[in-house]
Each structure stands twice: as structure tokens, then as C-alpha cells.
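Student: If you scroll down you'll find the structure; I have some questions about it.
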Amino acid sequence: MAASAPASTLNQDCIAELQALMQKSPAVRFACLSLTDGRPFAFTGVTSDKQAPRIAAIAASFLALSESFAREGENGRCTHTTISSDGGTIIVMKVAARACGMALSISADRSENLAMVLRRTLDTAEFLARRIDS
């Protein structure tokens with residue numbers, strides 16, 4: 001993590017950003033910022049906070065698998081991955097912070113189209129990366 005910001009302040013700032021995202025878009029069901037080793041760092045959502053560790057672990061595993069698949073199948077790098085389900089969309093992407101490896105997972109119900117969920121995820125990840133590295 002960034003040396004200039006205490007972890008608790010950084011955590012609170014990240015949670016505030018995830019909560020702001022949910023206020024902008026009522027379709028968002030949860031937003032989870034996690035370390036790429038599968039531990040949750042910041043979470044907000046209509047689901048229980050008890051789900052954060054499971055969501056973080058699944059996101060880390062899914063992102064790692066997606067990266068392996070992109071490397072093997074395309075000889076490239078995975079920037080984000082998308083899950084479409086009966087209930088909506090989940091996007092998992094790396095947060096491009098230099099300070100540490102993090103992933104952002106955002107879930108939205110079917111009332112928001114894929115392009116908007118992706119745009120919100122990209123924008124949130126960019127903001128969080130800048131905040132983490134500050």
C-alpha cells in the first residue's frame with residue numbers, strides 16, 4: 001500500500017468511492033476491492049458484508065484463470081473479464097495501482113446494460129488506482 005496513507009484511511013476512502021458508485025447506479029448490487037491474493041480490502045453492497053471474503057477469493061481466482069487463458073489463447077494479457085448471468089453482469093478487473101496488486105469486482109442487475117457496467121468499472125478502477133498510489 002502507499003506509504004503516505006494509513007491503511008485505515010485508504011480503506012475508508014475506497015469504501016466511500018464504492019458507496020458513491022452504488023448511489024450513482026442503483027443497478028449495482030455490490031462492489032468489492034480485493035487484494036489479488038483473495039483477501040477483501042473494501043466492500044459495499046446490498047449483499048451481506050459476510051460475503052466479502054468469498055467474493056474476493058472468487059474474484060482473485062477468476063482473474064488469475066482469465067489471465068492464464070488470455071496468455072495461452074491469445075498470447076496476451078487480461079484487462080478485465082465479464083460474467084453474464086440470469087441476474088445481471090459481473091465485471092472483474094485488475095486495478096492498475098503500482099503500490100499493490102488489487103482487483104475490482106462490480107455486479108449489476110439486468111436494468112443496466114453491459115457497456116454502462118463496464119464503463120463504471122473502468123472509471124472506478126482508475127480512480128482507486130490513483131488513490132491507492134497517492
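The values are calculated or read from the model by the stated rules, or taken from the named source; none is laboratory data. Remember, it's a predicted structure, so these values are computed and weren't measured experimentally. Neighbour counts run over all protein chains shown; Cβ positions are idealised from the backbone, glycine included.
Student: Only one of (1) surrounded by fewer than 16 Cβ atoms within 10 Å (Cβ to Cβ); (2) part of a helix (DSSP H, G or I) is not met by residue 58, so which one is it?
Tutor: Exception for residue 58: condition (1).
Student: Which one of these does residue 47 not meet: (1) within 23 Å of residue 120 (Cα to Cα); (2) assigned to a helix (DSSP H, G or I)?
Tutor: Of the numbered conditions (1) within 23 Å of residue 120 (Cα to Cα); (2) assigned to a helix (DSSP H, G or I), the odd one out for residue 47 is (2).
Student: What is the number of the single condition among (1) free of Cβ contacts under 8 Å to residues at least 24 places away in the same chain; (2) of a type in the set (Ser, Thr, Tyr); (3) in contact with a strand residue (DSSP E or B) (Cβ under 7 Å, 6 or more places away or on another chain) that residue 107 does not meet?
Tutor: Unmet condition: (1).
Student: Next question. Taking residue 35 and the conditions (1) touching a helix residue (DSSP H, G or I) at 6+ places or on another chain (Cβ under 9 Å); (2) of a type outside the set (Asp, Glu); (3) crowded, with 21+ Cβ neighbours inside 10 Å, which numbered condition does it fall short on, given that it satisfies the others?
Tutor: If we test residue 35 against (1) touching a helix residue (DSSP H, G or I) at 6+ places or on another chain (Cβ under 9 Å); (2) of a type outside the set (Asp, Glu); (3) crowded, with 21+ Cβ neighbours inside 10 Å, just (3) comes out false.
Student: Of the conditions (1) free of Cβ contacts under 8 Å to residues at least 40 places away in the same chain; (2) under 17 Å from residue 36 (Cα atoms); (3) among the polar types (S, T, N, Q), residue 84 clears all except one; give me its number.
Tutor: (2)
Student: Quick check: anything in region 70-89 aliphatic (A, V, I, L, M) and assigned to a helix (DSSP H, G or I)?
Tutor: yes
Student: Considering only region 29-44, how many residues are under 12 Å from the mean Cα position of the chain (by Cα) and in contact (Cβ under 8 Å) with a residue 40 or more places away in the chain?
Tutor: Residues flagged as under 12 Å from the mean Cα position of the chain (by Cα) and in contact (Cβ under 8 Å) with a residue 40 or more places away in the chain within region 29-44 amount to 8.
Student: Name every residue in region 54-81 that is closer than 10 Å to residue 38 by Cβ and basic (Lys, Arg), in order of residue number.
Tutor: Result: 54, single match.
Residue-by-condition table, conditions (1) part of a loop (DSSP other than H, G, I, E, B); (2) surrounded by 14 or more Cβ atoms within 10 Å (Cβ to Cβ):
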site	(1), (2)
16	no, no
31	no, yes
52	no, yes
62	no, yes
97	yes, yes
104	no, yes
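Student: Which residues, taken from region 63-85, are basic (Lys, Arg) and modelled with pLDDT of 90 or more?
Tutor: If the condition is that a residue be basic (Lys, Arg) and modelled with pLDDT of 90 or more, then 71 is the only one that fits.
Student: Of the conditions (1) β-branched (Val, Ile, Thr); (2) at pLDDT below 90; (3) surrounded by 17 or more Cβ atoms within 10 Å (Cβ to Cβ), residue 46 clears all except one; give me its number.
Tutor: Going through the list (1) β-branched (Val, Ile, Thr); (2) at pLDDT below 90; (3) surrounded by 17 or more Cβ atoms within 10 Å (Cβ to Cβ), residue 46 breaks only (3).
Student: A further question follows. Quick check: is even one residue across region 79-90 over 15 Å from residue 129 (Cβ atoms), buried (at least 17 other Cβ atoms within 10 Å of the Cβ) and touching a His at 6+ places or on another chain (Cβ under 8 Å)?
Tutor: no
Student: Does region 64-75 contain any residue that is under 14 Å from the mean Cα position of the chain (by Cα), surrounded by 11 or more Cβ atoms within 10 Å (Cβ to Cβ) and among the aromatic types (Phe, Trp, Tyr)?
Tutor: Scanning region 64-75, I find no residue that is under 14 Å from the mean Cα position of the chain (by Cα), surrounded by 11 or more Cβ atoms within 10 Å (Cβ to Cβ) and among the aromatic types (Phe, Trp, Tyr), so the answer is no.
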